[in-house]
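Right, one structure below, let's go through it.
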Amino acid sequence: MIIRKKFKFEGAHIVRNCSTIRCKKSIHGHSYIVEVFFTSNKLDNGYMILDFGLTKKHIKNIIDSFDHAYTLWEKESKEFKNFFKTNSQRWIQIPISPSAEVYSLMFLKFIDHILKHTVFSNGEGEVLVSSVRVHETKTGYAEAFREDINLIELDIKKVIFSNEVINEWKDKNELLEILSKDFQ
């Protein structure tokens, strides 16, 4: 059995090294829809895989971090990165060019890590994120599955959130502690 939780964010990026000129040379934004699919080996005491209320804490924080934010590739020029970090309060720097495919893999890794460090208390089974689908447009999306988790080398600890993004997190200290734990 699979359940799905949908999130959304408005974000901007440049996808360097892609084929189209507009995409790789110009800042542009999207109204992203993120669908997170969960599975488990059993139902909890409420006969659910996962109470959706449990996704409103850290999982929503991570995805919402990208709302009204610019996603920077760490390989951008120093001047370009400094411009955004100086002129925008909401930015995230990631180690790979921010395509929809990268967003889906990155969210998959973050959510997998959060679930591994979540203490469940309602008889939940082994709750897993089975896939993450990121709709970049109305007609296109990328979906990363568990078996894709290591498709690219993406060290989540190298994702840098601006102070403004971090300060908006609910239970900020708890999430920072979870993110500081080793990723597997």
Please work out if residue 14 is β-branched (Val, Ile, Thr), closer than 23 Å to residue 75 by Cβ and buried (at least 17 other Cβ atoms within 10 Å of the Cβ).
-> yes
Residue by residue through the range 109-131, note down the ones that are of a type outside the set (D, E, K, R) and either assigned to a helix (DSSP H, G or I) or within 29 Å of residue 95 (Cβ to Cβ) (or both).
-> 110, 111, 113, 114, 115, 117, 118, 127, 128, 129, 130, 131
Could you list all residues from the range 24-70 that are of a type in the set (S, T, N, Q) and within 21 Å of residue 131 (Cβ to Cβ)?
-> 31, 39, 40, 41, 55, 61, 65
Report yes if residue 99 is under 13 Å from the mean Cα position of the chain (by Cα), surrounded by fewer than 22 Cβ atoms within 10 Å (Cβ to Cβ) and not charged (D, E, K, R), otherwise no.
-> yes
What pairs come up if the first residue lies in the range 16-35 and is acidic (Asp, Glu), the second is in a helix (DSSP H, G or I) and surrounded by 11 or more Cβ atoms within 10 Å (Cβ to Cβ), and their beta carbons are under 9 Å apart, counting only those six or more places apart or on different chains?
-> none
Per the list (1) under 21 Å from residue 143 (Cα atoms); (2) of a type in the set (D, E, K, R); (3) touching a Leu at 6+ places or on another chain (Cβ under 8 Å), residue check on residue 35 breaks on (3)
Could you tell me which numbered condition residue 137 fails, if it satisfies all but one of (1) assigned to a helix (DSSP H, G or I); (2) over 17 Å from residue 62 (Cα atoms); (3) in contact (Cβ under 8 Å) with a residue 24 or more places away in the chain?
-> (1)
Count of residues meeting criterion [at pLDDT 95 or above, of a type outside the set (S, T, N, Q) and not in a helix (DSSP H, G or I)] in the range 52-79 = 10
Residue 104 vs. criteria part of a helix (DSSP H, G or I) and in contact with a strand residue (DSSP E or B) (Cβ under 7 Å, 6 or more places away or on another chain) | yes
Residues in the range 116-133 that are more than 15 Å from residue 38 (Cα to Cα) and touching a residue at least 12 places away in the same chain (Cβ under 8 Å): how many?
-> 3
Among the residues of the range 140-152, is any of a type in the set (D, E, K, R), under 16 Å from the mean Cα position of the chain (by Cα), surrounded by 19 or more Cβ atoms within 10 Å (Cβ to Cβ) and part of a helix (DSSP H, G or I)?
-> no
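The values are calculated or read from the model by the stated rules, or taken from the named source; none is laboratory data. All of these numbers come straight from a predicted model, not from anything done at the bench. Cβ: placed from backbone, ideal geometry, glycine included. Neighbour counts: every protein chain shown.
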